[in-house]
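Step one of this worksheet: look at the structure below.
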């Protein structure tokens, strides 16, 4: 998390934007964080990756709308709930692609057919190559 904050701080300095970190470590902190942002005249906010904040995504989007404060979120689910924009991976794609690819592979489809519509991570690609080579007996 520290590297994400460092990257955001660096980008803010580069762009000449004043950045203020407003922590929200518990669900009870979220309302206080929005009050702090509103009282200090924030123009926008970014939600950093956090399981707790993800679990509160509907509430955060509602508070953002009520405060007329545009937000950038780490997951598409915030946008699906009415938020402005997200910068993270679509979690359904992230966790759904490997099982879909494995289903296609296990049904005997060629690797080319299996992967033509999905762009797996390098680790999944590597695992599929190993599985395919062991299935065909190719040990290269």
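Being farther than 20 Å from residue 23 by Cα and modelled with pLDDT of 90 or more narrows it down to one residue among 61, 79; which is it? Explain how you work it out, then say what you get.
Numbers: 61 fails: farther than 20 Å from residue 23 by Cα.
Residue meeting the stated conditions: 79.
Taking helices (runs of 4 or more DSSP H) that do not extend beyond the range 11-86, which have at least 1 residues that are in contact with a strand residue (DSSP E or B) (Cβ under 7 Å, 6 or more places away or on another chain), surrounded by 13 or more Cβ atoms within 10 Å (Cβ to Cβ) and without any contact (Cβ under 8 Å) to a residue 12 or more places away in the chain?
Where helices (runs of 4 or more DSSP H) fall fully within the range 11-86 and carry at least 1 residues being in contact with a strand residue (DSSP E or B) (Cβ under 7 Å, 6 or more places away or on another chain), surrounded by 13 or more Cβ atoms within 10 Å (Cβ to Cβ) and without any contact (Cβ under 8 Å) to a residue 12 or more places away in the chain, they are 76-80.
The values are calculated or read from the model by the stated rules, or taken from the named source; none is laboratory data. Source: prediction; values computed, not measured. All Cβ positions, glycine included, derive from the backbone under ideal geometry; neighbour counts span all protein chains shown.
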